[in-house]
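Quick notes on the structure that follows.
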Amino acid sequence: MIIEPSLLNANTYDIKNNLNEIKESGINYLHIDVMDGHFVPSQAFGPNTINDLKKNTDFILDVHLMIENPENYISDYRNADIITVHYEATRHLFRNIQMIKSLGIKVGVAINLATPICVINDILPLVDRILVMTINPGVSNQLFIREMSRKISELVNRKEENNFHYDIEVDGNITNETIKECIVAGASIFVSGGYIFNGDSIKNRINSLIKAGEKYEH
């Protein structure tokens, strides 16, 4: 089980202390949402954020490109450890995967709520992660969409039947409650933003996610 705090929800004014709390909680990953205001309504982060984090921290940086035509920008994020692009954001998904791999970076593909698994069948053997969105991307304060657990289970079945190597990641209102059904369905990577950063303390919220996860982990 991997917990990835989403930097989008951190306190920008107090970011250094936020990062220290995350590290003290035993978390090694950071999830960074790059948003262009076109593919999703919001805007957030860019290459400088990833470069600064790589230079000044030892977090594993999972960069989630929620941008149109990501193939035009992938080289700007060469300091990431993982780059995830959306199936819906490009007409050239294979090219995106090849570009990311050529940089020596792990590759993920994300799918939105209405996107069926069947459209990404051909790329499943090629990727390190499949990210299942459990809310509409780039829109805050949404409810977790429980129907997405069926997608997670379907991805698990295809992985086991074909001996694929990808991990299954979920992103969207992941709390100590919603993490349970994601784990039961077969996900192993959990992006959590508002729940971690908007609670009583970052450490307490991370700990509650870990405890809930361990209870239901396969």
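The values are calculated or read from the model by the stated rules, or taken from the named source; none is laboratory data. This is a predicted model, so every value here is computed, not measured. In this analysis, Cβ positions are derived from the backbone assuming ideal geometry, glycine residues included, and neighbour counts consider all displayed protein chains. To get the accessible areas, we keep the full protein, side chains included, count just its heavy atoms, and leave off ligands, DNA and RNA. Shrake-Rupley method; radii C 1.70, N 1.55, O 1.52, S 1.80 Å.
Taking the conditions exactly as written (touching a helix residue (DSSP H, G or I) at 6+ places or on another chain (Cβ under 6 Å), open to solvent by less than 60 Å² (accessible area, probe 1.4 Å) and at pLDDT below 95), does Gly199 satisfy them or not? It would help to see each step written out before you state the result.
Details: touching a helix residue (DSSP H, G or I) at 6+ places or on another chain (Cβ under 6 Å): yes; open to solvent by less than 60 Å² (accessible area, probe 1.4 Å): yes; at pLDDT below 95: yes.
Against the criterion (touching a helix residue (DSSP H, G or I) at 6+ places or on another chain (Cβ under 6 Å), open to solvent by less than 60 Å² (accessible area, probe 1.4 Å) and at pLDDT below 95), Gly199 qualifies.
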Is one or more of the residues making up segment 41-54 under 25 Å from Thr178 (Cβ atoms), out of contact with any Asp or Glu (no Cβ under 8 Å at 6 or more places or on another chain) and in contact (Cβ under 8 Å) with a residue 60 or more places away in the chain?
-> yes
Residue satisfying all of: in segment 162-196; of a type outside the set (A, V, I, L, M, F, W, C) and part of a helix (DSSP H, G or I); most open to solvent (accessible area, probe 1.4 Å) among these | Asn162
Test: residue in segment 88-102 that is touching a residue at least 40 places away in the same chain (Cβ under 8 Å), among the β-branched types (Val, Ile, Thr), out of contact with any strand residue (DSSP E or B) (no Cβ under 9 Å at 6 or more places or on another chain) and part of a loop (DSSP other than H, G, I, E, B) | no
Mind checking whether some residue in segment 30-40 is without any contact (Cβ under 8 Å) to a residue 60 or more places away in the chain, farther than 21 Å from Tyr166 by Cβ, open to solvent by 60 Å² or more (accessible area, probe 1.4 Å) and in a strand (DSSP E or B)?
-> no
Kindly indicate the residue of segment 9-29 that is at pLDDT 95 or above and hydrophobic (A, V, I, L, M, F, W, C) and also surrounded by the most Cβ atoms within 10 Å (Cβ to Cβ) among those meeting that condition.
-> Ile22
Would you be able to tell me the number of residues in segment 117-149 that are over 18 Å from the mean Cα position of the chain (by Cα) and either in a loop (DSSP other than H, G, I, E, B) or not hydrophobic (A, V, I, L, M, F, W, C) (or both)?
-> 4
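Tell me, yes or no, whether segment 62-72 has at least one residue that is assigned to a helix (DSSP H, G or I), free of Cβ contacts under 8 Å to residues at least 24 places away in the same chain, open to solvent by 10 Å² or more (accessible area, probe 1.4 Å) and closer than 23 Å to Phe94 by Cα. Walk me through it before giving the result.
Initially, segment 62-72 is screened for residues assigned to a helix (DSSP H, G or I), giving 70-72.
Restricting the remaining residues to those that are free of Cβ contacts under 8 Å to residues at least 24 places away in the same chain gives 72.
Imposing the further condition that a residue be open to solvent by 10 Å² or more (accessible area, probe 1.4 Å) reduces the set to 72.
Still in the running and closer than 23 Å to Phe94 by Cα: 72.
Yes, that holds for at least one residue.
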